[in-house]
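Taking it in order: structure first as structure tokens, then the write-up.
The values are calculated or read from the model by the stated rules, or taken from the named source; none is laboratory data. Computed from a predicted model, the values in this text were never measured in an experiment. Positions of Cβ are backbone-derived with ideal geometry, glycine not excepted, and every protein chain shown enters the neighbour counts.
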Amino acid sequence: MRSRFFTQQFGLALCAAALVMLSGCATHPPGPANPADPLEASNRAVFEFNDAVDRAVLKPAAEAYAFVMPQPVRTCINNIFLNIGDVWSWFNSTLQGRQVDALNTFGRVLLNSTMGLGGCLDIASQTGAKRIPNDFGVTLGVWGLGSGPYVVLPIIGSSTLRDGAGRAVDIYVNQFGYGSLITDIAVRNSIYGLEVVERREALLAVTNTIDRTALDRYTFIRDAYLKRRKAQVDGATAEAEKLPNYEDFGAAPADEKTLGISPKK
């Protein structure tokens, strides 16, 4: 009887140890450290803080917003904020030398601001003009500034040293669409708060999927962010260096005749 009791206890201890090991692997999977994330220890601490704030405040507010506000109204508000952001994207495409993208984005803003009732309706996307997201962090990357180490910023979340500097400019400048027009501080802050809740609501499906599937949410979000930002900068750099095809604008390619040069005899 006693040997049977000790056997059961030993089995339970092994099961408990296995569960602890599995949970540890799920939280911090083994493997070499990412060289782009030399500050991982402190970044994880900030990540846990952000996650606690999100689960206590932002996510419940976003879920309540989604429950109370009808989908067409949420779509309208989301489109308005995106339309304001397109103005900043146009400016950054211009700074990067991406003239075609800048022209397309400027056309999007004009179309959505007029026919789209101030951006409530995304008419441009319906006509095939896709949104070209852009920001000052990408601009700095196109200008040759390296990304620097991965950094998790309080409340804001994933970033890098370069993108953090760019984000400061984004936040200060990208709000001019309504920040300079609305002088009432209470109303302006209410709009800022609505934007935060709306942006979090738009990410509910994504974050819920990550919660269900990712073994280590920190690593998953970090790697996805770094890959996306690299693709954005590489794509913007390639686009800025690409010469336009003037045939797309109805002009014939330059030759000796169009340049007014007498052909060689």
Residue under evaluation residue 161, criteria (1) in contact with a helix residue (DSSP H, G or I) (Cβ under 8 Å, 6 or more places away or on another chain); (2) more than 24 Å from residue 191 (Cβ to Cβ); (3) at pLDDT 95 or above, criterion not met
(1)
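With a cut-off of at least 3 residues that are at pLDDT 80 or above, out of contact with any helix residue (DSSP H, G or I) (no Cβ under 6 Å at 6 or more places or on another chain) and β-branched (Val, Ile, Thr), name the helices (runs of 4 or more DSSP H) lying wholly within the stretch 175-265. Let's see the steps before the verdict.
Working: elements: 176-179, 185-202, 204-213, 217-241.
Where helices (runs of 4 or more DSSP H) fall fully within the stretch 175-265 and carry at least 3 residues being at pLDDT 80 or above, out of contact with any helix residue (DSSP H, G or I) (no Cβ under 6 Å at 6 or more places or on another chain) and β-branched (Val, Ile, Thr), they are 185-202, 204-213.
Counting just the residues of the stretch 204-216 that are surrounded by 12 or more Cβ atoms within 10 Å (Cβ to Cβ) and without any contact (Cβ under 8 Å) to a residue 24 or more places away in the chain, which one comes out farthest from residue 74 (Cα to Cα)?
In this case the residue turns out to be 214.
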Which number in (1) of a type in the set (Ser, Thr, Tyr); (2) surrounded by fewer than 18 Cβ atoms within 10 Å (Cβ to Cβ); (3) under 30 Å from residue 54 (Cα atoms) marks the one condition that residue 114 misses?
(3)
If residue 120 meets every condition in (1) surrounded by fewer than 20 Cβ atoms within 10 Å (Cβ to Cβ); (2) in a helix (DSSP H, G or I) apart from one, which number is that one?
(2)
Answer with yes or no whether residue 43 is within 23 Å of residue 194 (Cβ to Cβ) and either at pLDDT 95 or above or surrounded by 14 or more Cβ atoms within 10 Å (Cβ to Cβ) (or both).
no
Anything in the stretch 102-148 that is among the aliphatic types (A, V, I, L, M) and touching a residue at least 40 places away in the same chain (Cβ under 8 Å)? List them, or say none.
121, 132, 138, 142
Would the stretch 71-86 turn up any residue that is more than 19 Å from residue 215 (Cα to Cα), at pLDDT below 95 and among the small types (Gly, Ala, Ser)?
yes
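Select from the stretch 65-111 the residues that are outside any helix (DSSP H, G or I) and surrounded by fewer than 21 Cβ atoms within 10 Å (Cβ to Cβ) and list them in ascending order.
Step one: of the stretch 65-111, the residues outside any helix (DSSP H, G or I) are 69-70, 96-98.
Answer for the stretch 65-111, where residues must be outside any helix (DSSP H, G or I) and surrounded by fewer than 21 Cβ atoms within 10 Å (Cβ to Cβ): 69, 70, 97.
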Using beta carbons and a limit of 6 Å, which pairs, at least six apart or on different chains, have the first residue in the stretch 184-195 and surrounded by 11 or more Cβ atoms within 10 Å (Cβ to Cβ) and the second one among the hydrophobic types (A, V, I, L, M, F, W, C) and outside any helix (DSSP H, G or I)?
188/182
